[in-house]
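**Student:** Dropping a structure here in structure tokens format, bear with me for questions.
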Amino acid sequence: FPSNYVLVDFYNSVRSPVELQEGLTYSVISRIPQYDLDTLRSNEPITQSMKVSSTFLQVPPISDRVIKLAKEVTKNAHNNFDKMAVLHDYLKTHYNYNLNIPEFPENAETIDYFLFKHKEGYCEHFATAFTVMARTLGIPTRMVTGFTSGNYNRITGYYEVKSSDAHAWVEVYFPYQGWVEFDPTPGYVINPLQNERNDGVIAKSFLTKIWNYIKALIPPSVNNFFENILKNSLISLFNFFILIIKLVFK
């Protein structure tokens, strides 16, 4: 990366201090948070000591039917987490994802027009509707813009993220858990392929085909003797190769 530091703006978004030129490739290592479902479902009130800015509870001028819909969709949920889960599923299943929609009328209230008239849109429409509807229920939210996880490369163990993977989703604040991700846009999920991040699993999965090819060349009389030795050595060598690649491109 062409800088030894990054910037954080007013909304806690990470910003590059230099312009990212076309064709630039760099790597990012991040930690995936783990949440406790019982704590998320607790009805612990949000207190001032938790330092949640009132910014994340502000509601812009919206129609009464948007507020009514948010209450109606979540009326049977008994805690904030379940309310968000129900609202998340409602937006995913009742509206269509479409990148090629016409511009909304100039004087239209965006969320109302999206929910009740056009009923289709792209990630910004879904994320904005979710964010504001949640705030009408008194739940702190923030709309997040960034990138999806891109395409997973089973050889290197990296997700390859490009400009075309730009996306918007939502984070909801829960006491003692922090900001939790929700993605109400149809066709998108949070943290896909989590089980494939283990390099050892990647190596074994990839090398199985190679080993089956080598195994077919080994005489049956010595197959059992050499099988474990050769296979484990091949896996160790491949893991070492991945480690070198990570160190070089870190």
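The values are calculated or read from the model by the stated rules, or taken from the named source; none is laboratory data. From a predicted model like this one, the values you see are computed outputs, not experimental measurements. Here Cβ is always computed from backbone atoms with ideal geometry, including for glycine, and neighbour counts include all displayed protein chains. These accessible areas exclude ligands, DNA and RNA; they are computed on the full protein's heavy atoms, side chains included. Shrake-Rupley method; radii C 1.70, N 1.55, O 1.52, S 1.80 Å.
**Student:** Can you give me the number of residues within the stretch 158-176 that are in a helix (DSSP H, G or I) and touching a Ser or Thr at 6+ places or on another chain (Cβ under 7 Å)? First the steps, then the outcome.
**Tutor:** The initial filter retains those residues of the stretch 158-176 that are in a helix (DSSP H, G or I), namely 163-165.
From what is left, the residues that are touching a Ser or Thr at 6+ places or on another chain (Cβ under 7 Å) are 165.
Of the residues in that region, 1 qualify.
**Student:** Scan the stretch 162-179 residue by residue and report those that are surrounded by fewer than 17 Cβ atoms within 10 Å (Cβ to Cβ) and of a type outside the set (Phe, Trp, Tyr).
**Tutor:** Result: Lys162, Ser163, Ser164, Asp165, Ala166, Gly178.
**Student:** Looking at Leu7, Leu37, can you tell me which residue is under 24 Å from Glu171 (Cβ atoms) and either loosely packed, with under 10 Cβ neighbours inside 10 Å or touching a residue at least 40 places away in the same chain (Cβ under 8 Å) (or both)? Working first, answer last.
**Tutor:** Numbers: Leu7 fails: either loosely packed, with under 10 Cβ neighbours inside 10 Å or touching a residue at least 40 places away in the same chain (Cβ under 8 Å) (or both).
Criteria check complete, one pass: Leu37.
**Student:** Are any residues in the stretch 12-25 open to solvent by 100 Å² or more (accessible area, probe 1.4 Å) and over 17 Å from the mean Cα position of the chain (by Cα), and if so, which ones?
**Tutor:** Within the stretch 12-25, Arg15, Glu19, Gln21, Glu22, Thr25 qualify.
**Student:** Tell me, which residue of the stretch 126-157 that is more than 15 Å from the chain's Cα centre (by Cα) and assigned to a strand (DSSP E or B) is modelled with the highest pLDDT?
**Tutor:** Of everything passing the filter in the stretch 126-157, Thr141 is modelled with the highest pLDDT.
**Student:** If you check Ser3 against the conditions, is it at pLDDT 85 or above, of a type outside the set (Lys, Arg) and at negative phi?
**Tutor:** Taking the combined requirement at face value, the residue satisfies it.
**Student:** Something else about it: Quick one: which residue in Phe126, Phe116 is in contact with a Ser or Thr (Cβ under 6 Å, 6 or more places away or on another chain) and either of a type in the set (Phe, Trp, Tyr) or open to solvent by 40 Å² or more (accessible area, probe 1.4 Å) (or both)? Show your work before the answer.
**Tutor:** On the way: Phe116 fails: in contact with a Ser or Thr (Cβ under 6 Å, 6 or more places away or on another chain).
Phe126 is the lone residue from the list that is in contact with a Ser or Thr (Cβ under 6 Å, 6 or more places away or on another chain) and either of a type in the set (Phe, Trp, Tyr) or open to solvent by 40 Å² or more (accessible area, probe 1.4 Å) (or both).
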